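Q: First, the structure itself, so that you have it in front of you.
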Amino acid sequence: LERAEHLARLLEVNLNLMLDHSATPADRRWRRVLECMGQAPKNELPFDTHRFTQLMCVDRANLSSIASCIGSARENARQVREQISSEMWEQLNRLFLEVYRHRPGDDWNAEPMTFLAGVQEGSWLFQGITNAMMNHGEGWHFIRLGRYTERALNLTNLLDVHFAAIAPGAADAHIEWLGLLKSASAFEAYCK
């Protein structure tokens, strides 16, 4: 679930940066997203915004897509169903059903930002339910360990890819640094 939230935030930030008329071409921006998710970019992948967001959001054949990550999280939760609260299961199931109702080829121009915000909010809600409803014992600590390990890996990849891509003194370097901070959910902390 942490990976799905990270990818949703990464896509949302990059879609917004494209609106700022960044000098970074879209295909290079999307290649960076793939690298941040640990995928080697392939030349045959669609790098137009419409098809790429579908690939990374709802394409179940792509194991790094949001739909695949949430599907894996649901399957993992199903296997330990007796150890999690019914509220946790219901929230994860709601998020799964919401994501899986979208299919590749649907009219994705409708509003990808609403989809991405829904994924992030669903993940936050699951985390809140987990903290409020689950006994803070070994299972709870295991969930937290998994979440923070995944978060550390995601941020390490994000920093590694962005530091290599942002040229010092470039005309749009400040926009790219802003995007990096927002991708790491660190912009507000940086400003305060």
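Q: Filter segment 131-142 for residues that are in a helix (DSSP H, G or I) and in contact with a helix residue (DSSP H, G or I) (Cβ under 6 Å, 6 or more places away or on another chain); which is nearest to Glu12 (Cα to Cα)?
A: In this case the residue turns out to be Met133.
Q: Oh, and also: Could you check how many residues of segment 179-192 are without any contact (Cβ under 8 Å) to a residue 40 or more places away in the chain and closer than 23 Å to Met37 by Cβ?
A: 5
Q: Sticking with this structure for a sec: Taking segment 123-173 only, how many residues are farther than 30 Å from Arg29 by Cβ and aromatic (Phe, Trp, Tyr)?
A: The total comes to 2.
Q: Given the conditions (1) modelled with pLDDT of 95 or more; (2) not in a helix (DSSP H, G or I), and given that Glu87 satisfies all but one, which numbered condition is not satisfied?
A: Single failed check for Glu87: (2).
Q: Among the residues of segment 153-192, count how many are surrounded by 11 or more Cβ atoms within 10 Å (Cβ to Cβ) and closer than 17 Å to Leu10 by Cα.
A: 25
Q: Which residues, counting only those in segment 101-112, are touching a residue at least 12 places away in the same chain (Cβ under 8 Å) and either surrounded by fewer than 14 Cβ atoms within 10 Å (Cβ to Cβ) or of a type in the set (Ser, Thr, Tyr) (or both)?
A: If the condition is that a residue be touching a residue at least 12 places away in the same chain (Cβ under 8 Å) and either surrounded by fewer than 14 Cβ atoms within 10 Å (Cβ to Cβ) or of a type in the set (Ser, Thr, Tyr) (or both), then Arg103, Gly105, Asp106, Asn109 are the ones that fit.
Q: Would you point out the residue of segment 56-100, among those that are aromatic (Phe, Trp, Tyr) and in contact with a Gly (Cβ under 8 Å, 6 or more places away or on another chain), that is surrounded by the fewest Cβ atoms within 10 Å (Cβ to Cβ)?
A: Checking each candidate, the answer is Tyr100.
Q: Among the listed residues Gly122, Gly118, which satisfies the condition of being in contact with a Lys or Arg (Cβ under 9 Å, 6 or more places away or on another chain) and surrounded by 14 or more Cβ atoms within 10 Å (Cβ to Cβ)?
A: The conditions single out Gly122.
Q: Right, something else. Among the residues in segment 56-67, are any modelled with pLDDT under 95, out of contact with any strand residue (DSSP E or B) (no Cβ under 8 Å at 6 or more places or on another chain) and basic (Lys, Arg)?
A: Within segment 56-67 (the criterion being modelled with pLDDT under 95, out of contact with any strand residue (DSSP E or B) (no Cβ under 8 Å at 6 or more places or on another chain) and basic (Lys, Arg)), the answer is yes, since at least one residue qualifies.
The values are calculated or read from the model by the stated rules, or taken from the named source; none is laboratory data. If you're wondering where the values come from, they're calculated on a predicted model, not measured in any experiment. Because the Cβ atoms are built from the backbone with ideal geometry, glycine has one as well, and the counts that use them run over all protein chains shown.
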